[in-house]
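Have a look at the structure below, then the notes.
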Amino acid sequence: MRLNEEVARAGGGIVSNCTAPPGPPAEVDLLAECAVRALIAMIAEGVSLIEIKSGYGLVNANELKMLKVARR
């Protein structure tokens, strides 16, 4: 068995990190607002580099939404 499969069977991996709480999906505007607040907090702490990764949306619609937020 591959390591990724073992991690997933143990309850870890991308699915455990990307599971959203129940409720309606957040819209791009709300996600962007939350991202800006997080960026402001990081800058206040002296962070000078932010890396944005893709691939965590798990389905195309969510991935496109996340990429729109990143572009903003």
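The values are calculated or read from the model by the stated rules, or taken from the named source; none is laboratory data. Owing to the predicted nature of the structure, the values given are computational and were not obtained by experimental measurement. For neighbour counting, all protein chains shown are included, and Cβ atoms are generated from backbone atoms with ideal geometry for every residue, glycine included.
If the condition is being out of contact with any helix residue (DSSP H, G or I) (no Cβ under 9 Å at 6 or more places or on another chain) and either outside any helix (DSSP H, G or I) or at pLDDT below 90 (or both), then the range 35-47 contributes Glu45, Gly46.
Condition first: surrounded by 10 or more Cβ atoms within 10 Å (Cβ to Cβ) and free of Cβ contacts under 8 Å to residues at least 12 places away in the same chain. Now tell me which residues in the range 41-56 satisfy that. Selection gives Ala41, Met42, Ile43, Val47, Ile50.
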